[in-house]
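For reference, the structure is listed below as structure tokens.
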Amino acid sequence: MEKVKETAEKIRTMEIRGAGRIAKAAAEAIRDYAAQLEVTSIEEFAARISEVSSYLISTRPTAVSLPNAVKLASRYSSENVEEARQEVIENANAFIEKADKALGRIGKIGSRRVMDGDVIMTHCNSHAALSIITTAFEDGKDISVISTESRPRCQGLLTIRHLNNFGIPTTLIVDSAVRYYMKDVDKVIVGADAIATNGALVNKIGTSQLALAAHEARKSFMVAAETFKFSPSTIVGNPIEIEERAIDEIVDPSILKELSHVQVRNPAFDFTPAEYIDMIVTDIGIIPPAMAYTVIKEHLGWEFGEL
Ligand code: RUB
């Protein structure tokens, strides 16, 4: 349990962050926990796996990749502890391998839509979006990137470092400069924490204003998302919870002491409606947002009774 707690803490404190990485770390934690679990009955095995699954899922509420990964990794059918253990290890490993391959496939598929000379705007730090951008660059396309700072945690600084390592010309801007620079942009590419059945995107706070500005300027808005970023429970109308983080990420609480009429809010994600999204680049191909239901039904092993 110590290692599970360690991983959970890293996810909670955002040492491990980004929906894809969170999912992989959770799958690894479940696999390693199952591998060393000492139990005498399948009932005990089930109870302990379920406890650890809930614990990991409780670390961050928004990225659906986390419950999806936990669910896919912790599946087993055998009534025998040793066999069930092997199933969990294999399912977790299969998930991790698929997640790694998905990033490569998204890069390959999405980069075909990037044109020579494109200026791409991105937000936050998405490994899936970056896979498209770096693949296009490595294919010899002469591109440049405008990266937002992504307050308050400034994940944009991770993005500019990553792009710089590839030698991609990159401009860092504050989040509020998004509309001002949209005229210079050819396409926006962002990642996803979750995609609902209706094709709405949940991603880093501020994503929806990139989408609005892109829509207004008639620029293409592309989302990069592995199939495990789609949310099965939205099929039955469950909402996606938006994480609200501590206010000290935004302002020193001592400043607020004398300001009795002021509150500070810090939502970490927002919703972008499907009508602002031109395409979603997934590991199974490019889809319109309206196809989200099909992805959930056919590629996530979703069954109605499980919801
Ligand atoms: C990260 C974020 C990313 C998505 C997709 O938020 O919003 O755009 O998670 O990332 P946080 P990826 O930093 O709060 O986790 O494509 O790497 O899965």
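Among the residues that make up segment 18-36, is at least one of them aliphatic (A, V, I, L, M) and part of a loop (DSSP other than H, G, I, E, B)? No, segment 18-36 contains no residue that is aliphatic (A, V, I, L, M) and part of a loop (DSSP other than H, G, I, E, B). Put simply, of GLY110, GLY156 the only residue that is within 16 Å of VAL223 (Cα to Cα) and touching a strand residue (DSSP E or B) at 6+ places or on another chain (Cβ under 6 Å) is GLY110.
The residues of segment 99-129 that are surrounded by fewer than 24 Cβ atoms within 10 Å (Cβ to Cβ), within 12 Å of the ligand (Cβ to nearest atom) and of a type in the set (A, V, I, L, M, F, W, C), listed by number, are ALA99, ALA102, LEU103. Contact annotation: residue pairs with Cβ atoms under 8 Å, 6 or more positions apart or on different chains, pairing a residue in segment 186-204 that is basic (Lys, Arg) with a partner that is within 12 Å of the ligand (Cβ to nearest atom) and in a strand (DSSP E or B), are LYS204/VAL190; LYS204/PHE269; LYS204/ASP270. Right, ALA177: within 16 Å of the ligand (Cβ to nearest atom) and open to solvent by less than 70 Å² (accessible area, probe 1.4 Å) or not? Spelling it out, it is not the case that ALA177 is within 16 Å of the ligand (Cβ to nearest atom) and open to solvent by less than 70 Å² (accessible area, probe 1.4 Å).
Among the residues in segment 57-66, are any open to solvent by less than 70 Å² (accessible area, probe 1.4 Å), more than 16 Å from the chain's Cα centre (by Cα) and within 20 Å of VAL223 (Cα to Cα)? Scanning segment 57-66, I find no residue that is open to solvent by less than 70 Å² (accessible area, probe 1.4 Å), more than 16 Å from the chain's Cα centre (by Cα) and within 20 Å of VAL223 (Cα to Cα), so the answer is no.
Residues of segment 207-227 that are open to solvent by less than 10 Å² (accessible area, probe 1.4 Å) and of a type outside the set (Asp, Glu): THR207, LEU210, ALA211, ALA213, ALA214, PHE221, MET222, VAL223, ALA224, ALA225, THR227.
Residues in segment 25-56 that are acidic (Asp, Glu) and over 19 Å from GLU90 (Cβ atoms) were compared, and the one that is most open to solvent (accessible area, probe 1.4 Å) is GLU38. When segment 1-11 is limited to residues that are open to solvent by 20 Å² or more (accessible area, probe 1.4 Å) and under 21 Å from ALA99 (Cα atoms), the one that is farthest from the ligand (Cβ to nearest atom) turns out to be THR7.
The values are calculated or read from the model by the stated rules, or taken from the named source; none is laboratory data. Computed from a prediction, not measured in an experiment: that's the story for all the values here. Using ideal geometry, Cβ is built from the backbone for each residue, glycine included, and neighbour counts are taken over all protein chains shown. The area values use the complete protein model at the heavy-atom level, side chains included, leaving out ligands, DNA and RNA. Shrake-Rupley method; radii C 1.70, N 1.55, O 1.52, S 1.80 Å.
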